[in-house]
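The structure appears below as structure tokens.
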Amino acid sequence: MLTEASPAPFQPLPEALRLNRTAWALCGLLGVVLLAIYFPTLRWTTQILLSSEDMAHGLFAPLVALYIAIEKRHEILAAPASPSMWGVLILAVAGTVGVIATLGNSATFQRAAFLASLTGCIVLIGGFPALFRLKFPLLLLLFTFPLPQVLYAEITAPLQSWATFFSEKVLTLAGFSVLREGNLLELPHYRLSIVEACSGIRSLITLAFFCLLYAYFWERRTSARLAVVALSIPAALILNVTRITATGILGETNPKFTLGIYHEALGWACLALAFGLVLVLHRGLRYVYRSIASRP
């Protein structure tokens with residue numbers, strides 16, 4: 001016989017979990033179905049993330065998204081369950097897009113269909129309140145999408161020209177004799193070609209991703225979060241010009257410092273400097289905001 005001081009034989013599930021056992025079962029079923037349908041797309045995307053230098057940040061996106069979703073689990077379970085049939089409509093639209101994308105061999109729309117299907121499952125099980133709480137993890141999953149080739153070409157061309165132009169100006173101010181021909185910089189002892197990989201699009205997306213995470217975890221105001229992400233754009237452009245200029249100077253000194261591990265180390269160092277620049281600017285903006293807010 002159990003006395004008042006005896007431990008209970010088992011701990012009952014929280015009320016939210018008891019009420020949502022059916023939802024948990026449906027969640028597991030939908031998860032298996034999504035994995036089965038979109039397995040080729042997910043496998044191909046994973047291979048790209050593991051092999052492409054442009055998508056190194058994409059490996060962190062699903063891990064961070066999963067971490068945030070787990071952190072929000074108590075908040076989601078504590079809210080009243082409000083399944084919505086709008087999820088069925090979203091799933092139908094996503095399925096249609098997925099079929100068309102498969103027939104048209106469009107990997108981008110296949111990934112978009114998977115993300116839309118995941119959104120539909122969330123709405124179907126937890127309603128729009130659950131979707132609202134998980135909107136940021138879903139947004140992070142967009143960073144696993146490689147930039148479509150058509151859009152990539154449209155963006156990299158002007159970025160190449162911009163980077164070449166300003167790198168020439170900086171090298172000239174530094175005292176180097178530079179001749180620019182298109183995206184080629186001719187120095188006295190070194191020829192620097194600004195190819196698509198040097199356009200800065202990779203550093204721009206990577207820096208935006210980490211600035212977005214920083215803003216989410218360290219800021220609560222939406223305007224401040226948007227400001228931090230916006231600061232990543234000029235910081236990435238400055239970073240790219242700095243990297244190209246440093247490459248030109250190192251090439252004049254010793255061309256071996258522009259290849260292999262030296263080139264990679266320079267790129268990561270400049271990325272760290274750009275992120276540091278965003279942090280400094282953010283701290284400065286926060287100081288100005290607090291100074292203005294403290295005025296009578």
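Where a number appears in this text, it was derived from the coordinates with a stated rule and is not lab data. Computed from a predicted structure; not experimentally measured. Using ideal geometry, Cβ is built from the backbone for each residue, glycine included, and neighbour counts are taken over all protein chains shown.
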### Summary
Relative contact order of region 106-184 (C-alpha contacts under 8 Å, at least 6 apart) in percent is 22
### Query
So how far, in whole Å, is the C-alpha centre of region 40-64 from the one of region 153-224?
23
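Suppose only helical runs count, i.e. DSSP H with n ≥ 4. What mean residue ellipticity at 222 nm does that imply for the chain under -39500 (n - 2.57) per run, divided by all residues and rounded to the nearest 500 deg cm²/dmol?
-25000 deg cm²/dmol
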### Task
Select from Leu171, Ser117, Leu187 the residue farthest towards the positive end of the dipole of region 59-214; place +1 on Cβ of Lys and Arg, -1 on Cβ of Asp and Glu, and compute about the Cα centre.
Ser117
### Query
Excluding Leu134 itself, what net charge comes from residues whose Cβ is under 15 Å from its Cβ, given Lys and Arg +1 and Asp and Glu -1?
+2
### Query
Given DSSP loops and a limit of at most 12 other Cβ atoms within 10 Å, what is the longest stretch of the chain that contains no such trypsin sites (Lys or Arg not before Pro)?
1-219
### Query
About its Cα centre, how strong a charge dipole does region 15-143 have in debye, to the nearest 20, once Lys and Arg get +1 and Asp and Glu get -1 at the Cβ?
280
### Query
For the pair Tyr152 and Leu273, what calculated FRET efficiency results from E = 1/(1 + (r/R0)^6), where r is the Cβ-Cβ distance and R0 = 35 Å, to the nearest 0.05?
0.90
### Query
Which length gain, in nm to one decimal place, applies between Leu138 and Phe39 when the Cα-Cα distance is subtracted from 0.36 nm times their residue separation?
33.8 nm
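Give, to the nearest whole percent, the P(r) tail of the chain beyond 28 angstrom, counting all Cα pairs.
Values: 23765 of 43660 pairs.
Above the 28 Å cut-off, the chain has 54 percent of its Cα pairs.
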### Message
Using the crude model of +1 on Lys and Arg Cβ and -1 on Asp and Glu Cβ, and no other charge, please compute the dipole size for region 149-294 relative to its Cα centre, in debye to 20.
### Response
700
